[in-house]
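The values are calculated or read from the model by the stated rules, or taken from the named source; none is laboratory data. Bear in mind the structure is a predicted one, so any value in this text is a computation, not a measurement. All Cβ positions, glycine included, derive from the backbone under ideal geometry; neighbour counts span all protein chains shown.
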2 protein chains.
Amino acid sequence: MRATLIYGERDIRSEIVPDPSLSGSGQDAIVRVTAACVCGSDLWPYRGVTQPNMPKRIGHEFIGVVEEVAAGVTSVRAGDFVIAPFYDCCGTCANCVGGFTTSCLEVGWWGGSDHWGHDVDGAQGELVRVPHADGTLKVVEGGLPSADMIPDLLTLSDVFLTGHHAAISAGVTAGSTVAVVGDGAVGLSAVLAARRLGAERIVAMSRHASRQDVARAFGATDIVPERGDEGVAKLKDMFSGIGPDAVLECVGTKESMDQALRAARPGGQVGFVGVPNGGPELPMRTMFGTNVGVRGGIAPVRNYIDEILPEVLAGDLRPGQVFDARFALADAAAAYAAMEERRAIKSLLTT
Amino acid sequence: MRATLIYGERDIRSEIVPDPSLSGSGQDAIVRVTAACVCGSDLWPYRGVTQPNMPKRIGHEFIGVVEEVAAGVTSVRAGDFVIAPFYDCCGTCANCVGGFTTSCLEVGWWGGSDHWGHDVDGAQGELVRVPHADGTLKVVEGGLPSADMIPDLLTLSDVFLTGHHAAISAGVTAGSTVAVVGDGAVGLSAVLAARRLGAERIVAMSRHASRQDVARAFGATDIVPERGDEGVAKLKDMFSGIGPDAVLECVGTKESMDQALRAARPGGQVGFVGVPNGGPELPMRTMFGTNVGVRGGIAPVRNYIDEILPEVLAGDLRPGQVFDARFALADAAAAYAAMEERRAIKSLLTT
């Protein structure tokens with residue numbers, strides 16, 4: 001089959017690799033990928049900021065059709081159209097049941113290894129072996145509704161539900177005032193998620209016209225291009241001199257978290273989903289003085305899919321607008337370059 | 001009048017100082033102190049850990065009787081029995097209305113200065129000028145119900161409601177599983193607050209028999225004397241191998257926060273109220289991986305008094321058990337020494 005590998009900085013290759021097969025655990029499924037995509041977090045190794053052992057299979061978001069299941073799998077059958085979260089999880093341990101499948105006691109990662117130590121395929125390929133099929137895969141009843149819904153459904157693998165997690169972590173609810181730091185695909189998704197949750201006012205912090213347009217289409221009521229001290233001052237001004245209730249941090253740098261912490265009103269909350277790459281520390285003393293809470297992290301998207309999928313299938317929620325570039329799987333290198341050079345917000349890959 | 005001053009490390013003196021008078025702002029009241037007390041945070045300058053400009057008036061918790069009010073004061077009258085939070089606040093700005101009176105845009109601090117830059121008395125004295133009488137003071141209708149309720153009412157000035165803030169910040173609710181780090185007066189108060197909020201299981205982390213007894217009386221279901229790695233392992237074991245929903249950090253050292261962050265289950269929450277003195281940073285990357293949230297800070301006790309006072313007046317809530325030593329105001333130095341030497345959990349001062 002065809003798969004995408006990262007060999008080093010800005011070195012993405014599409015290669016023919018062996019097809020996956022059932023591992024013998026009895027819990028596997030093999031899924032033929034209908035669509036996958038490139039994540040902002042894939043750009044970290046692409047830029048050389050993080051350096052995993054390479055060459056390495058890459059990609060962690062996909063939807064597809066089940067080809068084969070092991071004997072022990074009960075909720076998924078060959079021919080089912082499924083959504084996979086960006087990790088695999090058992091669905092039955094204390095953390096899965098407690099709402100945090102990303103902390104599953106048997107968690108595994110696409111392109112890495114499963115709980116039993118076996119290699120797992122990356123999602124940017126034609127086939128993926130799914131170690132815990134029952135806990136991981138969400139079956140879309142009736143199959144793929146229509147081809148134009150592929151982008152919307154694919155966002156439930158990661159990006160929209162990661163934006164949703166930022167909003168949930170920040171406690172966004174009906175009537176909230178919200179600012180979103182970051183205008184990448186996750187930040188834009190967070191805007192849409194905040195609107196869905198009933199936020200009264202949503203500020204997108206963005207200085208790029210095309211992204212501002214998507215933000216407005218997703219429900220942003222205001223755009224603030226300023227950053228740093230000016231950005232904080234602008235937000236304070238807009239909300240009674242004290243700032244918004246919730247700030248959604250969707251970047252992951254020290255600067256963006258600083259912006260978020262300073263902009264929230266006293267007693268407000270920062271919801272963060274940007275993978276922290278710019279410095280590991282939060283200023284405890286500042287948080288003590290302002291009572292601004294910080295909550296978030298790697299999004300337990302599998303716990304959210306059941307609630308959100310019906311709205312997508314009904315056409316009421318169209319999160320797929322974050323995809324503004326489309327590539328064949330064999331052209332994955334071009335899909336990465338388009339995002340790296342900011343010609344695309346998010347690149348979709350079809351097989 | 002008699003007042004308490006700190007002159008330096010372990011140097012507390014009771015002296016005669018000028019009586020306060022109305023400042024001319026039109027919003028003042030003068031209150032005659034019935035009872036005050038020593039806070040764990042008073043021990044930081046006492047131990048020389050923090051070094052304010054000295055000599056300095058000290059003490060920030062008091063209840064008392066109004067002697068005189070300025071012309072502009074409308075909700076408080078001479079003769080009223082009142083509870084003062086550990087700060088003064090206007091009660092009408094965006095932060096006060098938003099639930100965070102400790103971030104009042106005109107906040108002032110006992111023993112420091114008011115919004116207009118005038119000196120303010122410390123609470124460990126016979127009289128205190130209250131700059132925003134309407135926003136700050138809570139009138140106890142009908143006056144002091146009985147002398148044995150003095151300790152209970154005094155806890156609404158700070159300690160019980162600071163414990164309550166830890167529980168609220170950690171999202172404790174009916175059925176929560178909770179661990180409390182710290183067995184000082186605030187930690188014990190947090191145990192009681194968690195019980196009041198309906199927590200199903202409450203672990204007090206304590207290695208002192210007398211404090212364990214108070215913790216049990218306040219509703220602790222379990223006692224864990226272990227700390228560090230052993231303490232974390234014990235808590236994980238007790239709660240499905242993953243830890244409790246909420247951890248209440250009531251100390252303020254780097255070690256206690258580390259303990260709290262590591263003990264909470266994935267997706268759990270740390271509520272913190274210990275004044276951070278052991279290091280200012282939180283490990284962002286760890287929080288990202290576990291989705292453990294951190295929220296808390298200086299407790300907006302004035303926002304809580306209205307809800308809690310009726311339960312205290314009815315005798316249903318007896319938070320005053322944290323006071324296990326009583327001193328005359330003139331013996332304030334002995335009251336500090338008793339706490340410093342851990343002979344007392346919390347020292348009460350009467351005038």
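What about A:Pro266, is it closer than 17 Å to B:Leu105 by Cα and out of contact with any His (no Cβ under 9 Å at 6 or more places or on another chain)? Lay out the reasoning, then the answer.
Details: closer than 17 Å to B:Leu105 by Cα: yes; out of contact with any His (no Cβ under 9 Å at 6 or more places or on another chain): yes.
Yes; evaluated as a whole, the condition is true for this residue.
To keep it simple, each residue is scored yes or no on (1) within 14 Å of chain A (Cβ to nearest Cβ); (2) under 13 Å from B:Ser169 (Cβ atoms).
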site: B:Gly268; (1), (2): yes, yes
site: B:Gly274; (1), (2): yes, yes
site: B:Asn277; (1), (2): yes, no
site: B:Thr286; (1), (2): yes, no
site: B:Gly296; (1), (2): yes, yes
site: B:Ala299; (1), (2): yes, yes
site: B:Asp306; (1), (2): no, no
site: B:Leu309; (1), (2): no, no
site: B:Gly315; (1), (2): no, no
In the set B:Phe218, B:Phe239, the lone residue that is aromatic (Phe, Trp, Tyr), surrounded by 19 or more Cβ atoms within 10 Å (Cβ to Cβ), closer than 16 Å to B:Val292 by Cβ and assigned by TED's automatic domain parsing to the domain that holds B:Gly163 is B:Phe239
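Checking the structure you have, find out if any residue of the stretch B:171-186 is under 23 Å from B:Leu313 (Cβ atoms), aliphatic (A, V, I, L, M) and touching a helix residue (DSSP H, G or I) at 6+ places or on another chain (Cβ under 8 Å).
Yes, because at least one residue in the stretch B:171-186 is under 23 Å from B:Leu313 (Cβ atoms), aliphatic (A, V, I, L, M) and touching a helix residue (DSSP H, G or I) at 6+ places or on another chain (Cβ under 8 Å).
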Can you name the condition, by its number, that B:Ala264 falls short on among (1) small (Gly, Ala, Ser); (2) facing another protein chain (nearest Cβ under 7 Å); (3) under 19 Å from A:Ser103 (Cα atoms)?
(2)
I'd like to know if the stretch B:225-235 contains one or more residues that are in the same structural domain as B:Ala174 (by TED's automatic domain parsing) and on the phi > 0 side of the Ramachandran plot.
yes
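Looking for something in contact (Cβ under 8 Å) with a residue 24 or more places away in the chain, under 19 Å from the mean Cα position of the chain (by Cα) and away from chain A (no Cβ under 14 Å) - is there at least one such residue anywhere in the stretch B:16-23? Explain how you work it out, then say what you get.
Of the stretch B:16-23, the ones in contact (Cβ under 8 Å) with a residue 24 or more places away in the chain are B:17, B:19-23.
Imposing the further condition that a residue be under 19 Å from the mean Cα position of the chain (by Cα) reduces the set to none.
No, the stretch B:16-23 contains no residue that is in contact (Cβ under 8 Å) with a residue 24 or more places away in the chain, under 19 Å from the mean Cα position of the chain (by Cα) and away from chain A (no Cβ under 14 Å).
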Which condition number does B:Gln259 fail, the rest of (1) surrounded by 19 or more Cβ atoms within 10 Å (Cβ to Cβ); (2) within 8 Å of chain A (Cβ to nearest Cβ); (3) not acidic (Asp, Glu) being met?
(2)
Within the stretch B:53-65, identify whether any single residue is at negative phi, β-branched (Val, Ile, Thr) and touching a Phe, Trp or Tyr at 6+ places or on another chain (Cβ under 8 Å), and answer yes or no.
yes
The listed residue being in contact with a strand residue (DSSP E or B) (Cβ under 9 Å, 6 or more places away or on another chain) and either on the phi > 0 side of the Ramachandran plot or within 9 Å of chain B (Cβ to nearest Cβ) (or both), out of A:Glu281, A:Glu249, A:Glu200
A:Glu281
Among the residues of the stretch B:146-154, is any surrounded by fewer than 18 Cβ atoms within 10 Å (Cβ to Cβ), polar (S, T, N, Q), outside any strand (DSSP E or B) and without any contact (Cβ under 8 Å) to a residue 12 or more places away in the chain?
yes
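Yes or no, residue by residue, for (1) of a type outside the set (Phe, Trp, Tyr); (2) in contact with a helix residue (DSSP H, G or I) (Cβ under 9 Å, 6 or more places away or on another chain); (3) farther than 18 Å from B:His165 by Cβ:
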{"site": "B:Pro45", "(1), (2), (3)": "yes, no, yes"}
{"site": "B:Gln51", "(1), (2), (3)": "yes, yes, yes"}
{"site": "B:Ile63", "(1), (2), (3)": "yes, yes, yes"}
{"site": "B:Thr92", "(1), (2), (3)": "yes, yes, yes"}
{"site": "B:Thr101", "(1), (2), (3)": "yes, yes, no"}
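Each row is one residue, and each column tells you yes or no for (1) farther than 19 Å from A:Leu235 by Cβ; (2) outside the structural domain of A:Ser206 (by TED's automatic domain parsing).
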{"residue": "A:Ser256", "(1), (2)": "no, no"}
{"residue": "A:Gln259", "(1), (2)": "no, no"}
{"residue": "A:Ala264", "(1), (2)": "no, no"}
{"residue": "A:Gln269", "(1), (2)": "no, no"}
{"residue": "A:Gly274", "(1), (2)": "no, no"}
{"residue": "A:Pro283", "(1), (2)": "no, no"}
{"residue": "A:Phe288", "(1), (2)": "yes, no"}
{"residue": "A:Val292", "(1), (2)": "no, no"}
{"residue": "A:Ile305", "(1), (2)": "yes, yes"}
Might you let me know whether the stretch A:267-280 holds any residue that is more than 20 Å from the chain's Cα centre (by Cα) and surrounded by fewer than 16 Cβ atoms within 10 Å (Cβ to Cβ)?
yes
Those residues that are crowded, with 21+ Cβ neighbours inside 10 Å and among the polar types (S, T, N, Q), I need them from the stretch B:102-145; list them, please.
B:Thr102, B:Ser103, B:Gln124, B:Thr136
Considering residues of the stretch A:71-101 that are crowded, with 17+ Cβ neighbours inside 10 Å and more than 30 Å from B:Pro244 (Cα to Cα) only, the residue nearest to the other protein chains (Cβ to nearest Cβ)
A:Ile83
With the stretch A:160-240 as the region, which helices (runs of 4 or more DSSP H) entirely inside it contain at least 3 residues that are touching a residue at least 60 places away in the same chain (Cβ under 8 Å) and charged (D, E, K, R)?
none
Given (1) surrounded by 24 or more Cβ atoms within 10 Å (Cβ to Cβ); (2) among the acidic types (Asp, Glu); (3) touching a Lys or Arg at 6+ places or on another chain (Cβ under 9 Å), index of the condition A:Glu249 fails
(3)
Hits in the stretch A:134-170 - residues which are under 22 Å from A:Ser206 (Cα atoms), touching a helix residue (DSSP H, G or I) at 6+ places or on another chain (Cβ under 6 Å) and not polar (S, T, N, Q)
A:Val159, A:Phe160, A:Leu161, A:Gly163, A:His164, A:Ala166, A:Ala167
